[in-house]
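Only one structure is covered here, and it is reproduced in the block below.
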Amino acid sequence: MNNQSRLSRKAYGCLGLLAILFAAPRVASAEAFPAPVIRQAYNQWARALCLVTFSQELTDPRSGESRRREGTALGLLVRSDGLVITHGHLQTDTSRITDARIRLESDGKTDELPAVVLGKPDDLNLLFLQAQAPEKKTFPAVSFADVPLQLGDPVLVLGRMSETVDYVPGVVLDHIAAVVDTPRTAYCLAGGLKMGFLSGPVLNIRGEVVGVTGIELSEEEGGGLYSRSGVPMVFQTALLAPYIASPPRSGAGEPKVSGEEAWLGVFTQPLKPEFAAYWGLPEAGGLIVSTVVPDSPAAQAGIQPGDIIKSFDGKPQRATQDREVLNFSRLVRDTGPGKTVRIELLRNGQPLTLEVTLTTRPQSAQDAEEYEENVLGLTVRELTRDIRIALNIAEDVQGVIVRRVASGSPAQAAKMRPGVIIMAVGDYTVTNLEEYRQAIEKLRETRPAEVPLFARVGSATGFFRVRPRW
Amino acid sequence: MNQRFLFLPRLGCRLACAGLVFGVLAGCATLGQPERAVLRAREQVSPALVHIRPVKEVFQTGKRTEMLAVGSGFIISPDGYVVTNEHVAGDSTSVQCVLSDNRELDAQVVGADPDTDIAVLKLQGDAPFPYVKWGRSDTVQAGQVALAFGSPHGLSRSVSMGIISMTDRNLDDEGASPAPYNNFIQTDAAINPGNSGGPLVNIRGEVIGVNARMLRGAENVGFAIPADIARAVVEAIIRDGRVRRSYFGFELQEMTARSIDPGKRGVLIAGVDRFSPAAEVDIRPGDVLTAVNGIPVNARWREDLPAVRRLMAELPVGEPARLTIERNGEQRDVDVVPEEKTAARGKQEAFEAWGLSVAEVTQEVARRAQLPRPAGVLVIGVSPGAPAGWAGLQPGDIILTMDGETVVDFAVFRKLYDQRIQENRRQIMLFVQRGALTRFVLINLEQAPAEQEEARGHE
């Protein structure tokens, strides 16, 4: 795309320097895994490692071209009813899997079962699947221990080797190379992970399963706030456990049944000691409101950026570190939509109590409904609030967002690409998925030779002329 | 006539081509003359050729650094005005020029125009200088012979030859360097990095373009800014030091972006900036501009847009212009008072005590950041290991307030910074916009976490 260059010779240096700063401190693992611990772990948990086979449709984000491939990935049984996790790159904006099946060996025979793709949590790049057993079946699943990890801890990762060695289970030794604090606590592994070890269980030196491995999505791939793409990480038990208890239920085109998660509509930062000192507050701990989402319960209650939340629904808030912000988010979610809560805060150092009625958490991009049509060749989605925030789209922009452009389609010929926001199709204004659907239906009836789409690309607006093939 | 050349060996083709053109122009075509014509053109241009080595100021790392660039240019007057590209000589502190007789002279940047990628330098030395003649670009035709002069990859005094491949190539929506006001002359005369700012010349030795771009990964696909446009910009820069343009606040698109129907005349309005003169008179995206001060305007194809944009830009700032706008088949006239168009790229400066460099938030920056109006300053660089970096500030952040005081613009930011340096303030609280979100950032000069991190690493 951007293959045009200006002709002066420039030295692009220095930018790489930033990366060096974030490099991990060199800490060698102090202890080594004793062989008996490794063998014990293997004997105990290798049974929970299954294979996920699937058919994958990949879309090139630039050209919109799609291709299909068959694939195999490691799956980890995390619940005895057949709940499986696998690595999240299988299900992204540009990749969809279908025909998922779970293959597992038990007592010397291989079982293959169909599986339903459940979806991914918003904040964890892991895909959840549910194996469908014909009759009630108890699966061998790992059980997790919520044990903290530390810099330098040696860890053992279980996974499956490559196809050339028949995907036999194997082990890899590694250590926690770095601990990252923002925007939540994350543990980086030192080594490069082989594919067969992604979503594999991570064990500490005492043989406890303390998390699974994973790689976040980059921002281009649709990763959000947590994106630390390319770095193999450990998703610790604390992050996983809620989703094992209550797996995401999106996917397969079924919109999530909303209504169970509450929403306040603020982004917060922890009140670190130096922030408290700067504002002359007697003690650190609390949540600084950094952003108030327009039209949210927080905005309606008059919460402002700079307010410091000291107590929420009677529960004191003492966050001083970035990772504790997530606990607050969870507390809000679990409080229950419709509930009126008391929020005690400090504004300019003065205490203030506000009452806020929480609403239902808005639909997220992953839960948003999609509509695929073959008139223009586009798959579009509702503009959810998280997409608005991720792409910095103002509230007054109404439309649907292009997620995929079918290969060879009229839309592709008109140079449309994922990320474009469609605001009108011909004479029909489009503010939501239903209106887009209706506009396409109108086109089917009237069969115009060309259709101008009014759209937004980044901060600019303009027209695309698409010529449907009738 | 062209058939003759089908049978010519490849190598001879270009010379023969030159011969044809020269022959037609001079009225005689004997062997040996093509080469003579090329030599004559070279003799006219070469003495005026300038090898340019600007020292550019760069702020991308959170401090002010200098960077050496290489480009080309040409002298256009006996008193030593030199034309080159803005991307060669813009943002430079000093420019060293090497003339064709190997004289090394310093030059001063008279002015630079990023919108057309043209810059003008003035040589500091003994006049008179040899200079080239401007030709006209509006009569240039595809197929005509062209010579490119300059310093490809820094190799000065090089000349290459080819033909004009296309006369009005629109590159406006390609890549990150828009060219709103001009199409390009495309040539297959070899153009390489370092040729930037050098002249594209016809067989008579007249400048028909300023070499500016190439297609990376392609061979012999080079682009020059047409001489007519370059010349007007150069004259404005010499006269005023800059190019003044009117700003209406709408973005234009070709009519065929909406319909291929040849009966539809005018120019499509693609977008309207908030709070702009156009927004004030309720011009909306989808409207069609059909006339400016009674003169019909038309842009059926993309190539037609630069001429309309130039027409609009050249209307006097502050004086009402009558625009005829069509909406749903109905026409209406509106009087719009254009503002002066501000530079897309504003002032840049490093604030090294904090390890931070910032740029002015121009209209363009504000538009991209979805700010309703310019406000604050834009972070463009953060020094590794400096307080701003450890506070978590990132390039792209827009600093909105400092210690609770609104950072209205660049000047206010500098004033607030200077105050804090004078008072030796150790903690500075910033409120910044990052994408759609805002956050608080505390610059703490007391305890850089860098030191803590060091300590942890060495325990």
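The values are calculated or read from the model by the stated rules, or taken from the named source; none is laboratory data. Since this is a predicted model, take the numbers as computed values, not measurements. We place every Cβ from the backbone using ideal geometry, glycine too, and count neighbours over all the protein chains shown. For accessibility, only protein heavy atoms count, side chains too; no ligands or nucleic acids. Shrake-Rupley method; radii C 1.70, N 1.55, O 1.52, S 1.80 Å.
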Exercise. Please work out which one of (1) more than 10 Å from chain A (Cβ to nearest Cβ); (2) on the phi < 0 side of the Ramachandran plot; (3) surrounded by fewer than 24 Cβ atoms within 10 Å (Cβ to Cβ) is the condition B:VAL233 fails and give its number.
Key: (3)
Practice problem: Tell me the helices (runs of 4 or more DSSP H) entirely within region A:255-351 that contain at least 3 residues that are more than 14 Å from every other protein chain (Cβ to nearest Cβ) and open to solvent by 40 Å² or more (accessible area, probe 1.4 Å). | Solution: A:324-335
Quiz item: Of the numbered conditions (1) more than 25 Å from B:THR362 (Cβ to Cβ); (2) free of Cβ contacts under 8 Å to residues at least 40 places away in the same chain, B:ILE421 satisfies every one except a single condition; which is it?
Solution: (2)
Quiz item: What are the residue pairs meeting all of these: first residue in region A:347-364, first residue touching a residue at least 24 places away in the same chain (Cβ under 8 Å), second residue small (Gly, Ala, Ser) and surrounded by 15 or more Cβ atoms within 10 Å (Cβ to Cβ), Cβ atoms under 6 Å, and 6 or more apart or on different chains?
Solution: A:LEU354/A:ALA301; A:VAL356/A:ALA301; A:LEU358/A:ALA262
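Results for (1) closer than 23 Å to B:ASP188 by Cβ; (2) at pLDDT 95 or above; (3) out of contact with any Phe, Trp or Tyr (no Cβ under 6 Å at 6 or more places or on another chain), shown as yes or no for each residue.
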| position | (1), (2), (3) |
| --- | --- |
| B:ASN85 | yes, yes, yes |
| B:VAL98 | no, yes, yes |
| B:ASP101 | no, no, yes |
| B:ALA107 | no, yes, yes |
| B:VAL110 | no, yes, yes |
| B:PRO114 | no, no, yes |
| B:ALA127 | no, no, yes |
| B:GLY135 | yes, yes, yes |
| B:ALA142 | yes, yes, yes |
Quiz item: So, in region B:152-183, of the ones that are touching an Asp or Glu at 6+ places or on another chain (Cβ under 8 Å) and surrounded by 22 or more Cβ atoms within 10 Å (Cβ to Cβ), which residue ends up farthest from A:SER459 (Cα to Cα)?
Solution: B:ASN183
Quiz item: From the list A:LEU118, A:LEU173, A:LEU124, A:LEU129, which one is open to solvent by less than 10 Å² (accessible area, probe 1.4 Å), at negative phi and not in a loop (DSSP other than H, G, I, E, B)?
Solution: A:LEU129
Self-check item: Answer residue from region B:82-132, given it is over 25 Å from B:ALA179 (Cα atoms), among the small types (Gly, Ala, Ser) and in contact with a strand residue (DSSP E or B) (Cβ under 6 Å, 6 or more places away or on another chain) and is most open to solvent (accessible area, probe 1.4 Å) among those
Solution: B:SER94
Exercise. Looking only at region A:421-442, count how many residues are within 18 Å of A:PRO468 (Cα to Cα), outside any strand (DSSP E or B) and touching a residue at least 24 places away in the same chain (Cβ under 8 Å).
Key: 4
Quiz item: Hey, does region A:414-425 have a residue that's facing chain B (nearest Cβ under 10 Å) and in contact with a helix residue (DSSP H, G or I) (Cβ under 9 Å, 6 or more places away or on another chain)?
Solution: yes
Quiz item: Which residues, counting only those in region B:133-143, are open to solvent by less than 60 Å² (accessible area, probe 1.4 Å) and part of a loop (DSSP other than H, G, I, E, B)?
Solution: B:GLY135, B:SER137, B:VAL140, B:GLY143
Quiz item: Taking region B:77-99 only, how many residues are under 16 Å from B:ALA112 (Cα atoms), more than 10 Å from chain A (Cβ to nearest Cβ) and of a type in the set (Val, Ile, Thr)?
Solution: 4
Self-check item: So B:ASN202, is it at the interface with chain A (Cβ under 8 Å from one of its Cβ atoms) and modelled with pLDDT of 95 or more
Solution: no
Quiz item: Where residues in region A:105-115 are part of a strand (DSSP E or B) and not acidic (Asp, Glu), which of them is nearest to A:VAL84 (Cα to Cα)?
Solution: A:ALA115
Practice problem: Please indicate, with yes or no, whether at least one residue in region A:447-459 is more than 12 Å from every other protein chain (Cβ to nearest Cβ), farther than 30 Å from A:THR340 by Cβ and small (Gly, Ala, Ser). | Solution: no
Quiz item: From the list A:ARG469, A:ARG404, A:ARG388, which one is within 10 Å of another protein chain (Cβ to nearest Cβ) and modelled with pLDDT under 95?
Solution: A:ARG388
Quiz prompt | Scan of region A:198-215 for residues that are under 15 Å from the mean Cα position of the chain (by Cα) and open to solvent by 10 Å² or more (accessible area, probe 1.4 Å), ordered by number | solution = A:ILE215
Practice problem: State the number of residues belonging to region B:389-399 that are of a type outside the set (Gly, Ala, Ser) and surrounded by fewer than 19 Cβ atoms within 10 Å (Cβ to Cβ). | Solution: 2
Exercise. Could you tell me which residue of region B:47-69 is farthest from the other protein chains (Cβ to nearest Cβ), considering only residues that are farther than 30 Å from B:PHE351 by Cβ and of a type in the set (Val, Ile, Thr)?
Key: B:VAL50
Practice problem: Could you name every one of the strands (runs of 3 or more DSSP E) located completely within region B:36-107 that has at least 3 residues being not aliphatic (A, V, I, L, M)? | Solution: B:49-58, B:71-75, B:92-99
Quiz item: When you go through B:VAL221, B:VAL243, B:VAL267 one by one, which is the residue that is of a type in the set (Val, Ile, Thr), within 30 Å of A:PHE464 (Cα to Cα) and open to solvent by 30 Å² or more (accessible area, probe 1.4 Å)?
Solution: B:VAL221
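Residue by residue, here is whether (1) surrounded by 16 or more Cβ atoms within 10 Å (Cβ to Cβ); (2) in contact with a Gly (Cβ under 6 Å, 6 or more places away or on another chain); (3) within 13 Å of chain A (Cβ to nearest Cβ) holds:
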{"residue": "B:ASP261", "(1), (2), (3)": "no, no, yes"}
{"residue": "B:GLY271", "(1), (2), (3)": "yes, no, yes"}
{"residue": "B:GLU280", "(1), (2), (3)": "no, no, no"}
{"residue": "B:GLY286", "(1), (2), (3)": "yes, no, yes"}
{"residue": "B:PRO296", "(1), (2), (3)": "no, no, no"}
{"residue": "B:TRP301", "(1), (2), (3)": "no, no, yes"}
{"residue": "B:VAL308", "(1), (2), (3)": "yes, no, no"}
{"residue": "B:MET312", "(1), (2), (3)": "yes, no, no"}
{"residue": "B:GLY318", "(1), (2), (3)": "no, no, no"}
